[in-house]
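Written below as structure tokens is the structure these notes are about.
The values are calculated or read from the model by the stated rules, or taken from the named source; none is laboratory data. Treat the numbers as computed from the prediction; the structure is a model and nothing was measured. Heads up, the Cβs are rebuilt from the backbone with ideal geometry, glycines too, and the neighbour counts pull from every protein chain shown. Side chains included, ligands, DNA and RNA excluded: accessible areas come from the protein's heavy atoms. Shrake-Rupley method; radii C 1.70, N 1.55, O 1.52, S 1.80 Å.
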Amino acid sequence: MALSPSNASEVSEANTKTPPPLSFKGRLELQAFMFNDPGAESGASGVRRSPRLSTPVGTGPTRPSPVPVPAPALNPPSRARSSVSPLKRKALTSEDDPSSSSSNTTPSSPRAAKRTKPKTNSGYAPPSTYAHLNHLPDAIAPNLLVLFVGLNPGIQTARTGHAYAHPTNLFWRLLHSSGITPRLCSPTEDAQMPSLYSLGLTNIVSRPSRNGAELSKSEMDDGVSILEAKARRYRPEVMCIVGKSIWESLWRVRHGRGIKSHEFKYGWQEETENIGVVGKEGQRVEERVEGVEYGDGGWKGARVFVASSTSGLAATLKLQEKERIWRELGEWVEKRREVRNAADED
């Protein structure tokens, strides 16, 4: 539609009219919040500066010294880091991470690895395990003062061929400290003990093993009859049982049941427990050896003395307790040896 001359002139005036300048004036009166530089009127610079920096040194207020803040610990306690156990942390991680497999058995901590570690079997070992090792021969002779009965040869004993040869075994040390031998003997002298001091050495089980746990009860029980036969044949005055487990086997076979705790004691046993008793019918011919006066009657058997084990693995008793037990036998040996020596001089 066409504009009239009057309307056209109004439009042209509106387009050419200059807009008013911008200002803070308005309904909120924003000019009250404007920054007014007091130095602008005096010709000073309009740059704002901190009053602290413009204060001369030594004229302003003293700044307090900063309070020292303790440094954080280099190795904070594990409880402070996390109160969640490794196993629980693994469970939470597996729940949050769906990609983790529930069949993964890799342990997440040393404790878990220790639980899954297979245990070493320290039980029975068949004779084939140590078939490459030689058996230890007895050191025995007729009419001994004491015949010592051990459990069986250890690995070191079987390798060297000498009784109680392991460095931690206390046998030879206890023989000397108790007075059974006048000096400290060496395992290499085991075969000479019958001729030197009238002492013999044997075992209830002949085959070697690493420890007593590798022997079966049946093996030990089978050795009881062999000990009885040796006692009847060689007639020692005393048979010293070196270790509680050996006496338990003897008791089990002879009484048909295990020994009770109140029935066991170290030291001298009752005369009814003598080993190798021979009846009135006398000694059988096939069991006789040269050098023993058997006679026509019976024999009351060898007295039994139960001593502590001398193995380094046996830590139930302290050394002082073992020495006390062995000293009781040593006192008897010293007195009996004097009697024998006096008889030989006559």
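I need the calculated FRET efficiency for the pair Leu196 and Glu338, taking r as the beta carbon distance and R₀ as 22 Å, to the nearest 0.05.
0.85
Going by average Cβ neighbours within 10 Å, how do the peptides 279-287, 256-264, 184-192, 136-144 rank, with the highest at the top?
136-144, 184-192, 279-287, 256-264
Taking θ as phi - 60°, what are the ³J(HN,Hα) couplings along segment 158-172 by the Karplus curve (6.51, -1.76, 1.60), each to the nearest whole Hz, with x for Gly and Pro?
Result, ordered by residue: 5, 6, 8, x, 10, 5, 6, 8, 5, x, 7, 6, 9, 4, 5 Hz.
Can you compute the FRET efficiency between Ser218 and Glu345 using 1/(1 + (r/R0)^6), with r the Cβ-Cβ distance and R0 = 51 Å? Round to the nearest 0.05.
Once rounded, the FRET efficiency stands at 0.55.
Just to verify a number: what accessible area does His132 come out at with the full protein assembly present, 1.4 Å probe, Å² rounded to tens?
130
Any chance you could look up the accessible area of Trp251 with a 1.4 Å probe, heavy atoms only, rounded to 10 Å²?
30
Using the Cβ atoms and a cut-off under 14 Å, what net charge is assigned to the surroundings of Leu319, where Lys and Arg are +1 and Asp and Glu are -1?
Every neighbour counted, the sum reads +3.
Could you check how much of the accessible area of segment 232-337 is carbon and sulfur, as a whole percent, using a 1.4 Å probe?
For segment 232-337, the apolar C and S fraction of the accessible surface comes to 46 percent.
Counting only pairs 8 or more places apart or on different chains, how many lysine pairs in segment 186-332 have C-alpha atoms closer than 20 Å?
Counting lysine pairs in segment 186-332 gives 11.
If I take every Cα pair under 8 Å that is 6 or more residues apart in segment 194-346, average their sequence separation and divide by the length, what percent do I get for the relative contact order?
Rounded, it is 25 percent for segment 194-346.
Which shape class, rounded, prolate or oblate, goes with segment 214-277 when its Cα gyration tensor gives a ≥ b ≥ c as root eigenvalues, a/c under 1.5 marks rounded, and past that a/b bigger than b/c marks prolate?
It is oblate, given that a/c is not under 1.5 and a/b is not larger than b/c.
As a test question: what accessible area, to the nearest 10 Å², does Ile155 have when a 1.4 Å probe is rolled over all protein chains in place?
20
Using a/c under 1.5 as the rounded threshold, could you call segment 245-294 rounded, prolate or oblate? The axes a ≥ b ≥ c are square roots of the C-alpha gyration tensor eigenvalues, and prolate needs a/b larger than b/c, oblate otherwise.
Prolate is the answer for segment 245-294, as a/c is 1.5 or above and a/b outweighs b/c.
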